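Below is one structure, written out as structure tokens; comments come after it.
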Amino acid sequence: MAWSDEIGAVARTALTADSAIIGMKIFGEGKLSGEREACMQFAQENGLLDAMTIGFQTPEHVDDALRLMHRWPAKPLV
């Protein structure tokens, strides 16, 4: 399921109810691996995620994700 305004609204409602939001499969199960930077930017800048899951196959994948997180720091939760 792609992100939509409806999902964003539900996430904002959950946050106001003191719930945590976990972004799962940030790179779309590898289907969006060519768009890793855009995926990380969106995840970090939407201000809705308390945590995220990312699958790694190599140490270089970990390094890449950390580099992207550093490039796109998380925005405060809304």
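Nothing in this text is a laboratory measurement; each read-out follows from the coordinates by a stated rule. Quick caveat: nothing in here was measured; it's all calculated off a predicted structure. A quick note on method: Cβ atoms are made from the backbone with ideal geometry, for glycine too, and the neighbour counts reach across all protein chains shown.
Please determine, in degrees from 0 to 90 and to the nearest 10, the orientation of helix 36-45 with respect to the longest principal axis defined by the Cα atoms of the chain, where the helix direction is its Cα long axis. Approximately 30 degrees, to the nearest 10. Its Cα gyration tensor gives the chain an equivalent ellipsoid. The semi-axes, each the square root of 5 times an eigenvalue, are 23, 13, 11 Å from largest down. Taking the three principal axes of the alpha carbon atoms in the range 1-44, the coordinate ranges are 35, 17, 16 Å, sorted in descending order. Taking the chain, which chymotrypsin sites (Phe, Trp or Tyr not before Pro) meet the DSSP loop condition and have no more than 12 other C-beta atoms within 10 Å? Qualifying residues, ordered by number: 56.
Annotation: the residues 32, 68, sorted from fewest to most other C-beta atoms within 10 Å of their own C-beta, follow the order 32, 68.
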